[in-house]
Amino acid sequence: MPANNLLKEDIIQQQILQAAQQLFQKHGYQKVTMDDVAKAIGKGRSSLYYYYKNKDEVFAAVMDAEISDIMSEIAGKMEQVGTIEEKLRAFGVTKTKISRKRKAFFEALETGMNPDEMSLYVQKKQAIQKKIRKEEAILLNQVLTQGAKNGEINTLDAKEQQTILFVFTSSLRGLRGEMFLDNSYSRIEPAIDMLVQMTMLALSK
């Protein structure tokens, strides 16, 4: 396929995903139809089916783009600092800020769902969370592996490293959940600092 045709297809796909993302945020996942997305980009519904078979595929692509954006932002912040401790802190602070920014979007997706629809959506939500956690684990493992090569931390066996990262990321989710519950974020960064210090102690044993 000629390069200009590929570029055109990429542009159309981006238009579809951007329009769908905006519609999902405005109306909720359940109320948006393929017709709505097609209308938003000024094309017929049949044009969408060339790229995506149904709304579920559009939604999955929108979420993949969200995950990619989230991980790129986190990785970018981590690359701006040098030590493992600084990278872990950048990870925690950036992830928390992103969660706050995107909280309204993810909540809006659930608008207008009945219990059966919500049950199906929860399955999609869990799949999204698993993808995010997988990408986070890859990123954090790379940081620790490089740190061990540099002599910044001790070399850990795979199981021990996974356990430390599991405790770190799970604790971070707990801290974020508490802040969301209280709608108070003034204590989040000192709490992240404490969590990072505790993690560094585990990594330095």
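Rule-based calculations on the coordinates, nothing more; no lab input. Keep in mind the model is a prediction, meaning the values are calculated, not measured. All Cβ positions, even for glycine, are placed from backbone atoms using ideal geometry, and neighbour counts span all protein chains on display.
Here are the numbers:
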{"quantity": "Contact order relative to length of the chain, as percent, for alpha carbon pairs under 8 angstrom and 6 or more apart", "calculated": "21"}
{"quantity": "Between 0 and 90°, nearest 10: helix 55-79 axis offset from the chain longest Cα axis", "calculated": "30"}
{"quantity": "Gyration tensor (Cα) of region 89-130, equivalent ellipsoid semi-axes in angstrom", "calculated": "26, 12, 5"}
{"quantity": "Student exercise, region 36-195 dipole from Lys, Arg, Asp, Glu Cβ charges, in Debye to nearest 20", "calculated": "380"}
{"quantity": "Cα-Cα over 21 Å, subset of Lys95/Lys149; Lys95/Lys134; Lys134/Lys159", "calculated": "Lys95/Lys149"}
{"quantity": "Cβ-placed point charges (K, R +1; D, E -1), dipole of region 1-131 about Cα centre in debye, nearest 20", "calculated": "240"}
{"quantity": "Dipole magnitude of region 29-91, debye to nearest 20 (Cβ charges: Lys/Arg +1, Asp/Glu -1, about Cα centre)", "calculated": "360"}
{"quantity": "Lys/Arg +1, Asp/Glu -1 at C-beta; region 120-180 dipole; positive extreme among Thr169, Ile132, Ala148", "calculated": "Ile132"}
{"quantity": "Rg followed by Dmax, in Å, when region 117-205 is reduced to its Cα trace", "calculated": "15.6, 51"}
{"quantity": "Stokes-Einstein D for region 63-115, Kirkwood Rh over Cα pairs, 37 °C, 0.692 mPa s (µm²/s)", "calculated": "264"}
{"quantity": "At 0.890 mPa s and 25 °C, Stokes D of the chain from Kirkwood alpha-carbon radius, µm² per second", "calculated": "128"}
{"quantity": "Summed residue charge, Cβ within 12 Å of Val93's Cβ, Lys/Arg positive, Asp/Glu negative", "calculated": "+3"}
{"quantity": "In degrees, nearest ten, helix 158-182 long axis to first principal axis of the chain (Cα)", "calculated": "70"}
{"quantity": "Dmax and Rg, reported as Rg then Dmax, of region 23-102 (C-alpha, Å)", "calculated": "17.4, 52"}
{"quantity": "Filter on Lys97/Lys130; Lys8/Lys130; Lys77/Lys125; Lys103/Lys130 - keep pairs with C-alpha separation over 29 Å", "calculated": "Lys8/Lys130"}
{"quantity": "18 Å Cα-Cα reach of Lys53 towards lysines, excluding residues that sit fewer than 8 places from it in its own chain", "calculated": "Lys31, Lys39, Lys43, Lys124"}
{"quantity": "Summed residue charge, Cβ within 12 Å of Ala104's Cβ, Lys/Arg positive, Asp/Glu negative", "calculated": "+3"}
